[in-house]
Amino acid sequence: MNDVVIEFRDTASGELVDVGTVKFDLDMNMLGMVMHDGSTIQRTDTLGRYRAKVEPEMGGDWMAALQFEGPRGKGQVSFSVNVKL
Amino acid sequence: MSVAVWVGLIALAGLDAETGVVMLLYLDQAWDRFRAAGRMNSTTDLQGAVIEGAVQRVRPKIMTICAILFGLLPIMWAPATQSGADVMKRIAAPMVGGVITSGILELLLYPVIYTLWRRRHLAALLAHPSSVAAVDEALIPVAVAPSYSSQTLGPEAMRSPIAPNARGSSKAEWRSPSRRRALVAVLLLIVAVGAGGFFAWQKLAGTGTPDKAVSSAPFATQQVQGLTVNFLHPKASYKGR
């Protein structure tokens with residue numbers, strides 16, 4: 001189990017901002033199947049900073065998908081991340 | 001658990017089933033030998049038969065355990081960044097721990113379970129010796145190989161249906177200091193191998209590898225809707241607090 005901290009900052013001011021509900025998933029695309037690893041998101045004591053508990057089952061390239069919905073609207077972003085176990 | 005761990009567990013189950021069946025075969029053969037020789041007259045005789053059968057499996061089983069450990073431990077020592085090491089370690093880890101548990105189960109627990117199970121047969125054998133004797137003739141093969149004890153005692157002693165001297169000799173044989181020392185040595189070896197395997201597993205298959213990647217900088221940064229999203233390891237993010 002790995003704890004990943006996700007923090008949201010206003011690009012202009014650099015201040016931490018609350019974005020409401022956050023969802024973070026990892027997917028690995030392989031031939032004929034997709035390996036999925038959902039995470040549990042917890043708020044930390046600091047506003048705008050979240051902790052995600054992820055457990056990738058194997059090393060390699062995973063697609064990370066982040067979604068949020070709250071005071072700053074609704075947004076999503078996805079990117080590739082290389083996991084080394 | 002990952003798929004690789006399940007693969008390791010299935011391989012371990014196959015290995016344990018195979019060696020467990022061989023242990024059962026040896027115990028059954030010892031039981032048959034004692035019955036054919038007319039030496040199965042009490043619980044002590046049953047214990048003697050089980051010990052005689054189980055002891056023959058001590059060396060082969062320990063050799064099997066050692067061969068598997070020597071084969072798998074290099075995989076556990078492989079660098080985490082080596083190609084395929086993350087999968088192979090997950091296959092090997094349950095086998096390293098499980099083969100030690102398998103040895104303890106097979107050498108210590110299976111004979112006890114067999115003794116408890118055979119006690120019921122022994123009670124029936126002693127209660128109705130005539131009816132069971134007829135069944136014996138059909139079940140027990142004529143050319144049963146003589147046991148170690150029967151070879152020692154000779155054919156004259158084995159002709160007696162009760163053979164009290166044979167039983168006394170067998171008990172004395174297993175209670176001799178050299179045998180007991182050997183048994184204690186084997187038990188200590190099993191415990192030592194088990195403890196060594198456990199500590200090696202804790203050290204080599206632990207979760208220490210991901211922590212090596214800790215850094216104070218975010219490992220990923222994304223821009224979305226005027227926000228900068230940073231992804232950090234918790235230790236790195238809380239280092240300055």
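Computed from the coordinates by the stated procedures, all read-outs in this text should not be read as laboratory data. All of these numbers come straight from a predicted model, not from anything done at the bench. Cβ sites come from the backbone with ideal geometry, for glycine too, and all protein chains shown count toward neighbours.
Give, as a single signed number, the net charge of other residues whose beta carbon lies under 14 Å from the beta carbon of A:Arg43, with Lys and Arg counted +1 and Asp and Glu -1.
It works out to a net charge of 0.
Sort B:Val193, B:Val21 so the one with the fewest other Cβ atoms within 10 Å of its own Cβ comes first. Don't jump to the answer; show the numbers that get you there.
Details: B:Val193 18, B:Val21 10.
Ranked by crowding around the Cβ, least crowded first: B:Val21, B:Val193.
Which one, A:Val19, A:Val34, A:Val54, has the greatest fluctuation when you compute a Gaussian network model over chain A with C-alpha springs under 10 angstrom?
It is A:Val34.
On average over all directions, what projected area in square nanometres does chain A have, based on the convex hull of its Cα atoms? Please list the in-between numbers first.
Numbers: hull surface 24.3 nm².
That works out to 6.1 nm², a quarter of the Cα hull's surface.
With the crude spin-label approximation of a point 7 Å out along Cα→Cβ, what separation in nm comes out for B:Thr43 versus B:Met1?
Here the modelled spin labels are 3.7 nm apart.
Apply 1/(1 + (r/R0)^6) to the Cβ-Cβ distance of A:Met35 and B:Ile113, taking R0 = 56 Å, and write down the FRET efficiency to the nearest 0.05.
0.85
Compute the separation of the alpha-carbon centres of the range B:1-62 and the range B:85-119 and state it in Å as a whole number.
The range B:1-62 and the range B:85-119 have Cα centres spaced 12 Å from each other.
In peptide A:56-62, what is the residue-averaged number of other protein chain Cβ atoms found within 10 Å of each Cβ?
Counting other chains' Cβ atoms within 10 Å and averaging over A:56-62 gives 4.
How big is the convex hull of the Cα atoms of the range B:1-102, per residue, in Å³? Intermediate values should be presented prior to the final figure.
Values: hull volume 9.1 nm³, N = 102.
So the per-residue Cα hull volume is 89 Å³.
Take chain A, connect every pair of alpha-carbon atoms lying under 10 Å apart with a spring to form a Gaussian network, then pick out the residue of A:Gly38, A:Gly73, A:Gly20 with the largest mean-square fluctuation.
Greatest mean-square fluctuation among the candidates belongs to A:Gly73.
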